[in-house]
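Q: First, the structure itself, so that you have it in front of you.
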Amino acid sequence: MTFQVDKKKGLDLRKSHLGKTKRMVVKVGSAVLTDENGLNQQVMKNLAQEVSFLVKSGIEVIIVSSGAVAAGRKRLGLQIDKKLGLKEKQGAAAVGQSSLMRAYEDIFDHLGYKVAQVLLTHDDLSNRNRYLNVRNTILTLLDWNIVPIINENDTVSVEELRFGDNDTLGALITNLIEADLFVCLTDVDGLYTGNPNEDFEAKPVHTVARVDKKVKAMAGNVVGALGAGGMQSKIQAAHMVSARGGSSFIGSGRTKAILHKLFACEAVGTFFLPQAEKMQSRKHWIAYVLRPKGYLVLDRGACKALVKGGKSLLPSGILEVRGNFKVGASVQCLDEKGKAIATGLSNYSADDLNKIKGINSVQIEKALGYKDSDEVIHRDNLVVL
């Protein structure tokens with residue numbers, strides 16, 4: 001099967017997956033929620049009405065919402081085109097987050113629903129226990145028929161604690177709570193085979209079977225305030241969700257009744273099909289949530305053993321250790337050309353690996369004075385990329 005599915009078959013597949021949806025995440029970006037006047041109340045009301053309709057239909061809905069910084073800009077009287085530093089963004093987010101939640105509370109209250117605010121940093125999900133606690137909190141809110149509204153905690157986030165964007169956050173939340181569908185509402189209609197402003201033969205891509213290089217290259221065809229970099233993050237988010245067996249949709253949040261049209265299986269936006277082979281929850285956490293603390297350069301034999309043989313990583317295959325990390329850290333495995341081939345949790349620190357790289361496992365105890373494991377990374381804690 002090619003990456004693209006023809007329109008009729010794609011809509012049939014869309015109908016099949018949407019019909020099974022019991023839980024979904026809707027991510028809505030700043031480009032949709034805000035304008036030059038701050039929060040766009042009418043857009044927020046339209047979104048809330050659609051979410052209310054879905055909840056009444058028996059679908060659990062979680063919202064991942066941007067807009068705090070933009071709302072804060074308006075409250076503070078800061079110019080839209082003024083570039084903000086990190087501290088200024090954090091201050092604007094602190095002011096704007098309350099405005100954002102107050103708007104959601106008022107709108108949903110009118111529809112008969114309560115909402116709850118959940119603010120997260122990447123650190124909350126990189127710790128396995130806190131990761132599971134976040135899951136339990138969200139599921140409890142859903143049991144209480146409350147609509148969780150999740151945002152990155154911009155007021156405290158620094159570079160190492162950031163998700164990078166709410167597309168990534170939305171995908172991680174989708175997989176965390178095992179939602180069936182991730183909806184990304186933005187300021188563009190979806191993917192096209194070419195730039196529709198320059199290529200008269202450019203056609204919309206309604207269904208994507210798998211995310212590959214061709215699909216990623218299509219991000220450059222996007223026309224709108226979003227820009228190519230923004231669409232890249234949305235495609236990567238869809239890829240993350242598909243790896244855990246979920247579907248994704250990218251469409252215009254400014255289109256009237258976009259969620260109604262999606263569930264009516266109209267030919268709107270771009271729908272991403274799930275992968276047939278579902279990645280285990282723990283391995284997904286290792287591959288997509290954790291950030292590498294170091295790198296291991298492997299020889300050809302070790303690369304083949306990991307990629308083709310499904311083996312654990314032994315010290316004999318390590319050529320070079322990069323970084324300063326502790327036992328249990330996430331490390332990325334590279335081939336001799338620097339290409340990432342796998343990621344996993346190290347059984348040894350960087351200092352100890354520098355002492356045992358290239359030797360047989362039977363020599364570990366002699367080199368270190370102890371041996372906790374024959375493997376540097378056990379295959380149960382390793383994911384081939």
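Any read-out appearing in this document is the output of simple, stated calculations on the displayed coordinates, not a laboratory observation. Fair warning: this is a prediction, and the values are worked out from it, not measured in the lab. Don't worry about glycine lacking a Cβ; one is built from the backbone with ideal geometry, like all the others, and counts go over all protein chains shown.
Q: Compute the signed sum of charges (Lys and Arg +1, Asp and Glu -1) over the other residues within less than 11 Å, Cβ to Cβ, of C303.
A: +3
Q: Compute the long axis of helix 7-18 from its Cα atoms, compare it with the longest principal axis of the Cα atoms of the chain, and write down the angle in degrees, 0 to 90, nearest 10.
A: Between helix and principal axis, roughly 80 degrees.
Q: Here's a follow-up. What ranking do S281, S16, S248 get, fewest neighbouring Cβ atoms within 10 angstrom at the top?
A: So the residues, fewest neighbours to most, are S16, S281, S248.
Q: Counting helices only, and only those DSSP H runs with n ≥ 4, report the 222 nm mean residue ellipticity of the chain as the sum of -39,500 (n - 2.57) divided by its residues, in deg cm²/dmol to the nearest 500.
A: It lands at -11500 deg cm²/dmol.
Q: Now for a separate question. Relative to the longest principal Cα axis of the chain, at what angle does helix 166-176 sit, 0 to 90 degrees, rounded to 10?
A: That helix lies at roughly 70 degrees to the long axis.
Q: Moving on. Looking only at region 292-384, where both bridge partners belong to it, what percent of the DSSP beta bridges are antiparallel (to the nearest 5)?
A: 75 percent
Q: Out of region 68-153, which chymotrypsin sites (Phe, Trp or Tyr not before Pro) are coil in DSSP terms and have no more than 14 other C-beta atoms within 10 Å?
A: Of the chymotrypsin sites (Phe, Trp or Tyr not before Pro), the ones in loops of region 68-153 whose Cβ has at most 14 other Cβ atoms within 10 Å are W144.
Q: Taking the Cα centre of each part, how many Å lie between region 274-330 and region 30-97?
A: Taking the Cα centre of region 30-97 as reference, the centre of region 274-330 is 38 Å away.
Q: For the chain, which span is the longest to avoid every loop-located (per DSSP) member of GluC sites (Glu not before Pro) having at most 15 other Cβ atoms inside 10 Å?
A: That gives 37-177 as the longest site-free run.
Q: Give me a comma-separated list of calculated 3J(HN,Hα) values for region 27-34, in order, Karplus coefficients 6.51, -1.76, 1.60 applied at θ = phi - 60°, integers in Hz, x for any Gly or Pro.
A: In residue order, the calculated couplings are 9, 10, x, 4, 5, 8, 7, 10 Hz.
Q: What is the local net charge at S252, summed over the other residues whose Cβ is closer than 14 Å to its Cβ (Lys, Arg +1; Asp, Glu -1)? Mind showing how you got there, number by number?
A: Numbers: positive: K27, K234, R254, K256, K261; negative: E50, D187, D189, E266.
Local net charge: +1.
Q: Take the alpha carbon atoms of region 100-159, find their center, do the same for region 193-212, and report the distance between the two centers in whole angstrom.
A: Each part reduced to its Cα centre gives a spacing of 34 Å.
Q: May I ask you to list the chymotrypsin sites (Phe, Trp or Tyr not before Pro) in region 292-356 that are in a DSSP loop and have at most 10 other Cβ atoms within 10 Å of their Cβ?
A: Within region 292-356, no chymotrypsin sites (Phe, Trp or Tyr not before Pro) qualify (loop, at most 10 other Cβ atoms within 10 Å).
Q: Counting Lys and Arg as +1 and Asp and Glu as -1, what is the net charge of the other residues whose Cβ lies under 10 Å from the Cβ of N145?
A: -1
Q: Would you list the P(r) distribution for region 292-384, with all Cα-Cα distances sorted into 10 Å bins from 0 and each bin expressed as a whole %?
A: Calculated P(r), rounded to whole percents: 19, 59, 22, 1.
Q: Based on the alpha-carbon gyration tensor of region 228-376, what equivalent-ellipsoid semi-axes (square roots of 5 times the eigenvalues) come out, in whole Å, largest first? Can you show the working numbers first?
A: Details: eigenvalues 349, 39, 34 Å².
Rounded to whole Å, the semi-axes are 42, 14, 13.
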